[in-house]
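Reviewing the structure listed below.
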Amino acid sequence: MAEEYNPKNCEERHHFINKGFEKMDIRLKKVENRFLAIMTILVVNLLGVIGTLALSYLKLKGGP
């Protein structure tokens, strides 16, 4: 049979589990922030490329 229920051990284990989840949440938040920064940079870069191509096209066509 499994070992007897010990409330002290149970509380201690839950404490360490909660601390581990808190650390993991902090790490995931950092990764999420980096991901959002990279995605924002990529979108701005894409808009710049599209804008440059549009200006080149307008100059080629003799636009304003």
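A short reminder: the numbers here are calculations on the coordinates, not readings from a lab. Quick caveat: nothing in here was measured; it's all calculated off a predicted structure. Heads up, the Cβs are rebuilt from the backbone with ideal geometry, glycines too, and the neighbour counts pull from every protein chain shown.
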Exercise for review: Please work out, to two decimal places, the log10 of the ratio I(q)/I(0) at q = 0.15, 0.21, 0.22 Å⁻¹ from a Debye calculation in which every Cα of the chain carries one identical scatterer.
Suggested key: -0.72, -0.89, -0.91
Check your understanding: In the chain, which chymotrypsin sites (Phe, Trp or Tyr not before Pro) are in a loop and have at most 12 other Cβ atoms within 10 Å, using DSSP for the loop call?
Key -> Tyr5
